[in-house]
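Below is one structure; the comments refer to it alone.
Here, each number is a calculation from the coordinates, and none is a lab measurement. Note that the structure is a prediction, hence the values are computed from the model and not measured. Because the Cβ atoms are built from the backbone with ideal geometry, glycine has one as well, and the counts that use them run over all protein chains shown.
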Amino acid sequence: MTLFSPLTLGDLTLQNRLVMAPLTRVRSGRHGVPGPLVAEHYRQRSTLGLIVSEGTYPSHAGQGFPGQPGLVTPEQIAGWREVTDAVHSEGGLIVAQVMHAGRVTHAATTGGREVVAPSAIAIDGVTRTYDGKEPYPVPRALGTDELSSVIEEFVQGSKNAIAAGFDGVELHAANGYLLHEFLSPASNRREDSYGGSPENRARFVAEVVEAVADAIGAGRVGIRISPEHNIQDALETDGDDVRATYGSLLDRISPLGLSYLSVLHKNPAGELVQDLRRAFSGPVLVNSGFGEITTREEALSIMAGGVGDAVVVGRPAIANPDLVYRWSRDLPLNAVDPSTFYSAGAEGYTDYPALQS
């Protein structure tokens, strides 16, 4: 197998093993409706083996950022249908990353809705809202009896993704958002059956995965994790606890026959990621490029060394809509412009040139 050979992920057959990472681009307006600009952005990148959409909220309380798209209203679903149709018209595949922000938000972003989390612990820092930057609030700890309704939000958001034409979903259990908040002992101080031990902290995430897999089919469900990433105060600094927590999660979800497991970690060839890979029964996608940009050489090395089944890339896919063409021929890349990552309009979004029309 090579970076440019086909790959089966559950119900999906990819034409190559380059996967576009879920990249926050916040160009869907105040109502979270993806428009023609969003459709064009994703259409341009359809030659990648799989596109994972930016994090998309399954409930209004789960919105994390101004301009973030949702999977809640009929207008949002219709907007995403235009996106998925555009990708499919070019022969591409796209899954929706379903993301509940948890405590990584503010009432000024969610339309006044209460900020919730596993425990009443605020992030140390500020967040950007529609009213400007604000300190993160202390969230309200979700009651045990509320968790089933949050699970249903993930289920309904995933059903809405399928209705919008997505080929599947990726459940976001990484980078400090709600599902990851349950996994981390720093953000989860619960004393019920969803906190304390590694097995208990993994329980809610496993129940979300099981419910979504039951609703739309396991072969269309992936999950993204980021053990030891230590971002947004979802700290995981005890190696034994990390192994026990993610081992418990994989014990629950591996038998389901999921589409894939996506792991963000700075050392994908290291013992932790490779142990997790062996514990998972399906394909594993690896992403090392959060701190540093993934290079062509690194991606080729990951595949040649059997480190993962596919390589997830972010910034190279932002700046190069024809990344597969360029990397397959070892051609120069466009330089990425970070100043446009979270801005508005076409600049830095749809205006990066391709080498071939």
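A simple spin-label model places the labels of Arg189 and Ala120 1.0 nm from each other, with each point 7 Å out along Cα-to-Cβ. Seen from every direction in turn and averaged, the convex hull around the alpha carbons of segment 71-118 projects onto 4.4 nm². Per residue, the convex hull around the alpha carbon atoms of segment 247-306 comes to 83 Å³. Full extension of the chain between Thr295 and Thr144 yields a length gain of 49.9 nm, computed as 0.36 nm times the residue separation minus the alpha carbon distance.
Grab the Cα-Cα distance for Glu152 and Thr129, subtract it from 0.36 nm times how many residues apart they are, and report the gain in nm with one decimal.
5.6 nm
Three semi-axes describe the equivalent ellipsoid of the chain; taken as square roots of 5 times the Cα gyration tensor eigenvalues and ordered largest first, they are 29, 24, 19 Å. Multiplying the residue separation of Asp330 and Phe4 by 0.36 nm and subtracting their alpha-carbon distance yields 116.1 nm.
The percentage of C-alpha pairs in segment 159-292 whose separation is greater than 18 Å is 51%. Using all pairs of distinct alpha-carbon atoms, the Kirkwood hydrodynamic radius of segment 220-357 works out to 16.7 angstrom. Computed from the Cβ-Cβ distance with R0 of 30 Å, the FRET efficiency linking Thr13 to Ser343 stands at 0.25. Here, P(r) means the percent of Cα pairs in each 5 Å bin from 0 to the largest distance; for segment 101-186 it is 3, 13, 20, 23, 19, 14, 7, 1.
A Cα-only calculation for segment 59-208 places Rg and Dmax at 16.0, 50 Å. Would you please give the FRET efficiency between Asp214 and Ala163, computed as 1/(1 + (r/R0)^6) with r the Cβ-Cβ distance and R0 = 25 Å, to the nearest 0.05? It comes to 0.90. Each 10 Å bin from zero up to the one holding the largest Cα-Cα distance in segment 24-126 carries the following percent of pairs: 16, 45, 26, 12, 1.
Nearest 5 is fine: what % of DSSP beta bridges in segment 123-244 come out antiparallel, could you say?
Numbers: 4 of 9 bridges.
The answer is about 45 percent antiparallel.
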